[in-house]
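In what follows, a single structure is set out as structure tokens and then discussed.
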Amino acid sequence: MKIEFTKVQTAEQIAEVARLAEQIWREHYVAMITIEQIDYMIDKFQSVSAITDQIQNQGYEYYLLQQQDGTAAGYISIRVDNGKLFLSKFYVSKAHRGQGYASQAMQFIEQLCKERGLSHVWLTVNRDNASSIAVYEKKGFINVREQVADIGNGYVMDDFIMEKEIALA
């Protein structure tokens, strides 16, 4: 099924992203990090106020992945960073996985790179997130380094940094 990519601009759309984030994070990350860290990270990075600040003040763009009936199946967040596209968030809800949405989203992201003259996409992924790492590798990303980032409150993000080269020609 084909999906549409709707740029998040309204308060209602931001609230929809925050709702999706809470749902997806609570079902996906519980096997990797504690509930307390999930709560902290949702509040710090994916609450309505955090997403609003990222869009208005930090140069992030959010896009809802929407089915033809308007149902939101997931979301992505990007930002240009040092001449590359940083794929900050890439989430598809559990009910919508396995339907080709990740492939469509990657095509959309690659098109954005080409339109903006950006030769690489990079992302961070929890090193214990084997299913997501496998998807990224299948999509042509390679692991370029490891990163441990202190995010406050005694928590760290223990990630791989993965990157994909985009052919601009």
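The values are calculated or read from the model by the stated rules, or taken from the named source; none is laboratory data. None of the values given here were measured: they were computed from a predicted structure. A quick note on method: Cβ atoms are made from the backbone with ideal geometry, for glycine too, and the neighbour counts reach across all protein chains shown. Note: areas computed on protein heavy atoms with side chains; ligands, DNA, RNA excluded. Shrake-Rupley method; radii C 1.70, N 1.55, O 1.52, S 1.80 Å.
With the Cα gyration tensor of segment 1-54 giving a ≥ b ≥ c as the square roots of its eigenvalues, does the rule (a/c under 1.5 for rounded; else a/b larger than b/c for prolate; else oblate) give rounded, prolate or oblate? Numbers along the way, then the final one.
On the way: a/c = 3.16, a/b = 1.42, b/c = 2.23.
It comes out oblate by the Cα gyration axes.
Counting Lys and Arg as +1 and Asp and Glu as -1, each charge on the Cβ, what is the dipole of segment 5-98 about the Cα centre in debye, to the nearest 20?
Values: 9 positive and 11 negative charges, 63 e Å.
Result for segment 5-98 is approximately 300 debye, rounded to the nearest 20.
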Residues of type lysines that Lys164 reaches as a straight line, Cα spacing below 16 Å, ignoring anything fewer than 8 places off in the same chain: Lys84, Lys89, Lys114, Lys138, Lys139
Simple spin-label estimate for Asp53 and Ile151 in nanometres, 7 Å along Cα-Cβ: 1.4
Mean ellipticity per residue at 222 nm, deg cm²/dmol - from DSSP H runs of n ≥ 4 across the chain, formula -39500 (n - 2.57): -12000 deg cm²/dmol
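Could you tell me which helices of the chain pass both thresholds, a Cα extent of 24 Å or more along their own axis and a mean Kyte-Doolittle hydropathy of at least 0.0, with helices taken as whole DSSP H runs? Please list the in-between numbers first.
Values: long enough: 11-28 (25 Å, -0.55).
What comes out of the filter, once short or polar helices are dropped, is none.
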Karplus 3J(HN,Hα) series, Hz, for segment 61-70 with 6.51 cos²θ - 1.76 cosθ + 1.60 (x for Gly, Pro): 10, 10, 9, 7, 8, 10, 6, 4, 7, x
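Hey, what's segment 126-165 come to in accessible area per residue, 1.4 Å probe, Å²?
Details: 2420 Å² over 40 residues.
Per-residue accessible area for segment 126-165 comes out at 61 Å².
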Shape of the chain, Cα gyration tensor, a/c cut at 1.5: rounded
Surrounding net charge for Met41, when Lys and Arg each add one and Asp and Glu each subtract one, Cβ distance under 12 Å: -1
Within the chain: Cβ-based charge dipole about Cα centre, in debye rounded to nearest 20 (Lys, Arg +1; Asp, Glu -1): 500
Segment Asp81-Gln99, extension gain: residue separation times 0.36 nm, minus the distance between their alpha carbons: 3.5 nm
Of all accessible heavy-atom area on the chain, the percent that carbon and sulfur account for (1.4 Å): 48
Rounded FRET efficiency, nearest 0.05, which uses the C-beta distance separating Lys44 from Arg116 and R0 of 30 Å: 0.60
For Ile33, residues with placed amide H under 5 Å, excluding near neighbours: none
